[in-house]
Amino acid sequence: MFATIARFELRYQFRNPVFWVATIMFFLLTLGWTSVESIRPVGGNIHTNAPTGIAQVLLTMSMFFMFVTTAFVGNVVVRDDETGFGSIIRSTKVGKLPYLFGRFTGAFLGAAVAFLAVPLALWLGTYMPWVNPDLIGPNRLQDYAFAYFVIALPNVLITSAIFFAVASWTRSVTYSYLAVIVSMFAYFALTAMMRKMPDVSLAAYFEPFGSVAYGLGVRYLTPIQQNTQALELTGMLASHRLLWIAISVAIVGFVVWRFSFAARGASKASAKRDAAHQQKLAAIKPMLVDRLPENTPERGAWHQLATRTRLEMKLVFKSPAFWVLALIGSINLMLTLMLAGRMYDVPIWPRTYAIIDTVRGGSTLITLLMAIYFSGEVVWRERERRISEIVDATPLPNWVFLVSKLAGVVGVLIALSVVAVLLQAVAYQFVRGVTDVELGQWLMWFVIPSALYVIHLSVLAIVAQAVSPNKFVGWGLMLLYLISTIVFAGLGLDHPLINYGDAPMPLSEMNGNDYVGATAWWLSGYWTAFAAVLVVIGHLMWRRGTAVTLGGQWRTLPLRLRGAPLVYLSVALAVTVGIGALLFYNMNIVNTRFDEDEMEAHTAQYEKDYAKYLDQPEPVLKDVKLNVDLRPTKRWVQFDGEYRFANETDKPIELLHVRMGVPDSMAHVEAMNVPGAKLIKEDVNNLHKIYRFDRPLQPGASGTLTFRTVMAQHGLKSLPSNKQYWEIDVQPAKNGAYLTNLGFAPALGMSRGNFLQGSNLRKKYGLPPETPTPSLNDKRAVMRSYAGVDRINTDVTVATDADQTLIVTGEEVSNKVVGNRRIARFVSPIPTLNFITIQSGRYAVKSIDVDGVKLSVYYHPKHPMNVDRMLGVVKDALQYYQKNWGPYQYKYFRVIERPDYQGTANSAPGTVGYSERFGFTGDFRNPKDVDYLAFVTAHEFGHQYWFHQVMPGDVEGAEILTETPSQFGGIMVMKHRYGHDGMRRFLQFEQNDYLAGRRAEKAEERPLALVKKQGYIHYYKGSVVMYLLQDRFGEERVNAALKSVIDRYRFKPAPFARSVDYVNAMMSMARTPAERELINDLFYRITLYDLRAKSATVRKLPNGQYETTITVYGGKVYADGKGNEKAAPFAEPLDIGVFSANPADLAFGSGNVLSMKRVPIRSGEQKVRFVTKQKPAFAGVDSYLTYIDRNVNDNVVAVANAGS
């Protein structure tokens, strides 16, 4: 009987249109996702059909497939009752085990077969003619089979079991779809919490899809390993899959056990409610009137609209689904508020602007899903309750039904996604200590925009149901809309006029919504008008009665488009087209909207055209004089500049190359003149000009260049699709203007930094796979500075509004107010690097004097929270650096806040610019949190030495002379503030970021000494390497080596420093061959360690002390740039210790260290013994994570009693 029922159900599923729609939809989605390069699921050099690529695709699609799984298994029990066969089946001899298990098996097999479309599409996509063959590897059947049977099929089984159980228990398909939404957000919440856990090994078992268990196994695989290594069903992944398969079987078994063939009666609560309702109706007495009130169809329609709207909202508010989704939304919002915006797992102060950004992003998905769900419920309610024919026969126009249902959904979503979110978010602010909640900002930046978004979304969802043959197709259409929003962004189709409901509004507490805020309101009006068009279409497509079909409605649509609908549609279309034309004119003509593909092509051509000039002699910039007229309230600034340059080579120079750093629409060049030279080439696409001197510029001779540039805001502009342009695009900001000569002023000479990055992208345009960074031994390249700029004398005069404070690169020599203008002049006290910053805003300032240096923090008056902390860190950094590295070159150092558009910190001469959310609003009240503010601030101060004093040449390895020692400086300032115990979590973050960066490498990983602008190496690996060196050799020896480099190259002109100088300085402090070998391992090789505390046992000695025996393992491998590994002999002295608490715990401190010693460890296992007065609970090797180890969780082990 079981086999018969299973076959019957499987045949039914194959005949069901849902099967074919789902199969085709997931086939096309997978084909598009995996065969279009710009949106493919893996990046860099990882093949799309690599074992990990296939697994990632099937894992992701299996999560989305839960929407389809419900359609297969959700109605296998309910269907019989809906069709009237339930009572017939219950009267037969069929048992519930073969009945239920057979039905489930047939439906599950149908879903499993449908999901085969995903691997089939992935396989077929590798043969598409447009696919880049470099991104495709060999197709191996075992890789597809592993991903399908180990990753995808268990996930289909898990979701099938869960939704089958929900449908069987509730006897409702609707509740199984509600369970999909609940499951999705439960998954998101769980994974969000797990991302913040230092060790997710145990928690991974609670995540049903296996994404965490799988991710832990492949997270540090290099591209070559991902492309070649077959995945294995071992370890955590194997146990996770077995666990959840068992849970799924148990769920189905429980359903079978608890299921009853008996028809369900009303529950006691339901019966009680029905009885109370009947009593209430019976108590109503008829009213007698002399005559009925006059009525008209119009009055009746409006009255019915209000009545039906109240009814729709009441029915939704009273439904269990509403309260379930409200609870899910509240939990989701709370997790979003608690987890969003963290850096090094440190929260931010919940200032209103930041919280609005957080809740807008965190509530968007659940708002969309609620709109999808409730629209289907309200539109199809009467048909599902089988009263549609009665309702359709009422003398009411279609618009009453449509608008009332729309108003009902809008009311519900505003209640959940606007009002409830507002109340919860404001309550969160109060709980976290922010009482200045700024309700005006909440109204204008959240309530009104969110309410408009809710209306737009509800209209789309309702109309999707109105034009669909059933509820499930309507839901499918909205699911496609959801997917399209993701896909369009990947394809570069991100223009706000084609992204439904899109009205982005970046926020800053310093600058408000001044950046594209007006554009956002116009976009909201545009989409509101377009939503009105959709409403008219929905009205015309509304079906009433059983004889009206969807096809018939489409065919007769032109005939019904007359009268009021035609007028409303015409007006809505006119407003839509009018606003759209206005916005398009402003966005694309008055301003420029950049096409990423077009910019890539221009950049590639730039290298082809100009790379030949890289090694030609160039003039050196010597003096810069600027007069700046800044009008913040008018969003306008003008720069008049004069350069003096000189030929410091021994050859005449014929050409002068001049380039702008940003597009003309951001910084318009109004005039440029080079006396004694003629413009011979102007490359508009690449912002490059070439002048030819009338007479070659002779050695020792000089020349001048004058220019005028203007930065201004014109009309209604759209956000650049690339966020890196936001900060320059917003300038000049009304408050907190941040202007740099990298944007507003021309640069002289050639720069390799303008070339295209990424090996696959470069190959696409016929360029060599790597950016041609010169080698260490390139004698000509070492004569050019890494920064591509010279040391110059600056003289900058700026005029701004009188109520604003000016801070400019250089020493302030005058500052006065004339009328309503503030005019200040800043002159460089010594030649400085050509990096000029101009900042103007309504600042508060706090200063201290330390050792003759004035340390100042300029901050937004509402952001005083971390100012004292910053000043303390700057003081510590100044004293540490002057003691260990030598004198600081200025009598001032300034930290200046700027609006939050890029989230970075930048070090200019004597100045650090800090975005508001990056450091000023971090919440460091928990003393156990990583004080990244101390690290970043000290790091940026470190650049005053390592960049502004010591400049490397333009060769490989340059970054370890700028970023790596600055990382070391920041770490040492942190260590002196918080001790060795406080560094473990920070080092774990740095190790993880380095190892994750290896996985995403787009070219080849390089040793630290040969790094080529690979941030994960010179930042994160550099941190761990330098910390290990000071731990092994002593802080004093490392600083002595660094100081020797500074002493040799401080302010030195060409030839500039090289990484080999840095490493040689480290070598000079080495005292043994082992120490020199360690330096080679850290700087000239890619070295990975495998350190483990395999076991630890303790026994009590007769004298009352405790003897602990620890089995430790040491190993080491060398990797090449592709990730291929080779075992190497290991011989290092390692810190091994016993502890009363786990070093991974936040509360761990030096008091928990019972004993620690440095022990020489060689390859393999060996035992180490400790005798302590206190019984240890944990033992570990390299417990402070000073060596780069891919699994730091096995560095510490719990101590067991001997013989247990």
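The values are calculated or read from the model by the stated rules, or taken from the named source; none is laboratory data. Remember, it's a predicted structure, so these values are computed and weren't measured experimentally. With ideal geometry, Cβ positions are generated from the backbone for all residues, glycine too; neighbour counts draw on all protein chains shown.
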The lone exception for Glu1132 - which of (1) of a type outside the set (Lys, Arg); (2) buried (at least 19 other Cβ atoms within 10 Å of the Cβ); (3) more than 32 Å from the chain's Cα centre (by Cα); (4) within 26 Å of Ala1202 (Cβ to Cβ) it fails: (4)
Residue within region 481-499 that is within 23 Å of Trp399 (Cβ to Cβ) and surrounded by 18 or more Cβ atoms within 10 Å (Cβ to Cβ) present: no
Checking Trp527 against (1) farther than 19 Å from Thr364 by Cα; (2) touching an Asp or Glu at 6+ places or on another chain (Cβ under 9 Å), the condition it does not meet: (1)
Hits in region 780-826 (condition: surrounded by fewer than 19 Cβ atoms within 10 Å (Cβ to Cβ) and under 20 Å from Val857 (Cβ atoms)): Asp803, Thr805, Glu811, Glu812, Asn815
Helices (runs of 4 or more DSSP H) wholly inside region 1-95 that include at least 2 residues being modelled with pLDDT of 85 or more: 2-15, 17-35, 51-64, 66-73
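Does Thr234 meet the test of being surrounded by 20 or more Cβ atoms within 10 Å (Cβ to Cβ), among the hydroxyl-bearing types (Ser, Thr, Tyr) and modelled with pLDDT under 90? Walk me through how you get there before you give the answer.
Working: surrounded by 20 or more Cβ atoms within 10 Å (Cβ to Cβ): no; among the hydroxyl-bearing types (Ser, Thr, Tyr): yes; modelled with pLDDT under 90: yes.
No; evaluated as a whole, the condition is false for this residue.
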Residue match in region 477-490 (condition: hydrophobic (A, V, I, L, M, F, W, C), closer than 27 Å to Val379 by Cβ and either in the same structural domain as Lys717 (by TED's automatic domain parsing) or more than 25 Å from the chain's Cα centre (by Cα) (or both)): yes
Conditions (1) under 23 Å from the mean Cα position of the chain (by Cα); (2) assigned to a helix (DSSP H, G or I): number failed by Pro504: (2)
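Among the strands (runs of 3 or more DSSP E) lying completely within region 834-883, list those that include at least 2 residues that are among the aromatic types (Phe, Trp, Tyr) and on the phi < 0 side of the Ramachandran plot. Before the answer, list the steps.
Values: elements: 837-841, 844-850, 853-859.
Here the list reads 853-859.
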Wholly enclosed strands (runs of 3 or more DSSP E) of region 657-771 bearing at least 1 residues in contact with a helix residue (DSSP H, G or I) (Cβ under 9 Å, 6 or more places away or on another chain) and either of a type in the set (Asp, Glu) or without any contact (Cβ under 8 Å) to a residue 24 or more places away in the chain (or both): 677-683
Index of the failed condition, Ala1041 passing every other in (1) among the small types (Gly, Ala, Ser); (2) surrounded by fewer than 19 Cβ atoms within 10 Å (Cβ to Cβ); (3) more than 36 Å from the chain's Cα centre (by Cα); (4) within 30 Å of Pro831 (Cβ to Cβ): (2)
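Of a type outside the set (Val, Ile, Thr) and not in a helix (DSSP H, G or I): does that describe Pro119? Before you say what the answer is, go through the steps one by one.
Values: of a type outside the set (Val, Ile, Thr): yes; not in a helix (DSSP H, G or I): no.
Spelling it out, it is not the case that Pro119 is of a type outside the set (Val, Ile, Thr) and not in a helix (DSSP H, G or I).
If you scan region 205-229, which residues turn out to be part of a helix (DSSP H, G or I), in contact with a helix residue (DSSP H, G or I) (Cβ under 7 Å, 6 or more places away or on another chain) and not hydrophobic (A, V, I, L, M, F, W, C)? Walk me through it before giving the result.
Within region 205-229, the subset part of a helix (DSSP H, G or I) is 205-206, 211-218, 223-228.
Those left that are additionally in contact with a helix residue (DSSP H, G or I) (Cβ under 7 Å, 6 or more places away or on another chain): 205-206, 211-214, 216-218, 226.
Tyr205, Ser211, Tyr214, Gly217, Gln226 - these are the residues of region 205-229 that are part of a helix (DSSP H, G or I), in contact with a helix residue (DSSP H, G or I) (Cβ under 7 Å, 6 or more places away or on another chain) and not hydrophobic (A, V, I, L, M, F, W, C).
One line per residue, one yes/no per condition, for (1) among the charged types (D, E, K, R); (2) over 21 Å from Arg917 (Cβ atoms); (3) out of contact with any Asp or Glu (no Cβ under 9 Å at 6 or more places or on another chain):
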site	(1), (2), (3)
Thr367	no, yes, yes
Met370	no, yes, yes
Glu384	yes, yes, no
Phe401	no, yes, no
Ala415	no, yes, yes
Ala425	no, no, yes
Gln441	no, no, no
Met444	no, no, yes
Filtered residues of region 507-531 (kept if among the hydrophobic types (A, V, I, L, M, F, W, C) and in a loop (DSSP other than H, G, I, E, B)): Leu507, Met510, Val516
Out of Val391, Val412, Val426, Val421, sole residue that is out of contact with any His (no Cβ under 9 Å at 6 or more places or on another chain), more than 23 Å from Ser330 (Cα to Cα) and assigned to a helix (DSSP H, G or I): Val391
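Just wondering, is there one or more residues in region 917-926 that are part of a helix (DSSP H, G or I), free of Cβ contacts under 8 Å to residues at least 12 places away in the same chain and not assigned by TED's automatic domain parsing to the domain that holds Phe826? Step through it out loud before you land on a result.
Taking region 917-926 and keeping what is part of a helix (DSSP H, G or I), we get 917-920.
With the extra rule that they be free of Cβ contacts under 8 Å to residues at least 12 places away in the same chain, the set shrinks to none.
Taking every residue of region 917-926 in turn, none turns out to be part of a helix (DSSP H, G or I), free of Cβ contacts under 8 Å to residues at least 12 places away in the same chain and not assigned by TED's automatic domain parsing to the domain that holds Phe826.
Within region 931-947, take every residue that is part of a helix (DSSP H, G or I) and of a type in the set (Phe, Trp, Tyr) and give me the one that is surrounded by the fewest Cβ atoms within 10 Å (Cβ to Cβ).
To start, the set of residues in region 931-947 that are part of a helix (DSSP H, G or I) comprises 932-942.
Next cut, of a type in the set (Phe, Trp, Tyr) only: 932, 935, 941.
Details: Tyr932: 21, Phe935: 23, Phe941: 26.
If we take residues in region 931-947 being part of a helix (DSSP H, G or I) and of a type in the set (Phe, Trp, Tyr), then Tyr932 is surrounded by the fewest Cβ atoms within 10 Å (Cβ to Cβ).
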